[in-house]
1. Of all residues in the stretch 11-34, which are open to solvent by 50 Å² or more (accessible area, probe 1.4 Å) and outside any loop (DSSP other than H, G, I, E, B)?
2. Limited to the stretch 43-54, what total is found for residues that are farther than 10 Å from Ile13 by Cα and exposed (fewer than 15 other Cβ atoms within 10 Å of the Cβ)?
3. Trp55 fails exactly one of the following numbered conditions: (1) touching a Leu at 6+ places or on another chain (Cβ under 6 Å); (2) in a helix (DSSP H, G or I). What is the number of that condition?
4. Is it the case that the stretch 55-66 has a residue that's exposed (fewer than 12 other Cβ atoms within 10 Å of the Cβ) and in contact with an Asp or Glu (Cβ under 6 Å, 6 or more places away or on another chain)?
5. Tell me, which residue of the stretch 1-10 that is touching a residue at least 24 places away in the same chain (Cβ under 8 Å) and part of a helix (DSSP H, G or I) is least open to solvent (accessible area, probe 1.4 Å)?
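The values are calculated or read from the model by the stated rules, or taken from the named source; none is laboratory data. Note that the structure is a prediction, hence the values are computed from the model and not measured. We place every Cβ from the backbone using ideal geometry, glycine too, and count neighbours over all the protein chains shown. Areas reflect the complete protein model, heavy atoms only, side chains present, ligands, DNA and RNA absent. Shrake-Rupley method; radii C 1.70, N 1.55, O 1.52, S 1.80 Å.
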Amino acid sequence: MNRPLFPLKAGAIAFTLLWTAWMMWWSGSFSSANVVILAFCGAAVGYLWYRAMRWQFERMGMLPRPEDRAK
């Protein structure tokens, strides 16, 4: 089975977890509201990172374009 997006998705998840952990450590406050807000922001940042890297990799020819994947 060929899954060219799996490493990109795994990288996005790792980036999300590391970014969220770093922001929690940097803020120094572990209140429940802070954890919820940073988890939400971490998910948004991870998704945006995934979309940006996917667009860039498709543009560079490292991933098949959407119209090529459908065939």
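1. Ile13, Phe15, Leu17, Leu18, Trp19, Ala21, Trp22, Trp25, Trp26, Ser27, Ser32, Ala33
2. Summing the residues that are farther than 10 Å from Ile13 by Cα and exposed (fewer than 15 other Cβ atoms within 10 Å of the Cβ) in the stretch 43-54 gives 4.
3. Result: Trp55 passes all but (1).
4. Within the stretch 55-66, one or more residues are exposed (fewer than 12 other Cβ atoms within 10 Å of the Cβ) and in contact with an Asp or Glu (Cβ under 6 Å, 6 or more places away or on another chain).
5. Our first condition is that a residue be touching a residue at least 24 places away in the same chain (Cβ under 8 Å); within the stretch 1-10, this holds for 4-5, 8-9.
Subsequent filtering for residues that are part of a helix (DSSP H, G or I) retains 8-9.
Numbers: Leu8: 15, Lys9: 104 Å².
The selected residue is Leu8.
Yes or no, residue by residue, for (1) of a type in the set (A, V, I, L, M); (2) closer than 30 Å to Glu67 by Cα:
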| position | (1), (2) |
| --- | --- |
| Phe15 | no, yes |
| Thr20 | no, no |
| Ser27 | no, no |
| Ser31 | no, no |
| Val35 | yes, no |
| Leu38 | yes, no |
| Tyr47 | no, yes |
| Tyr50 | no, yes |
| Arg54 | no, yes |
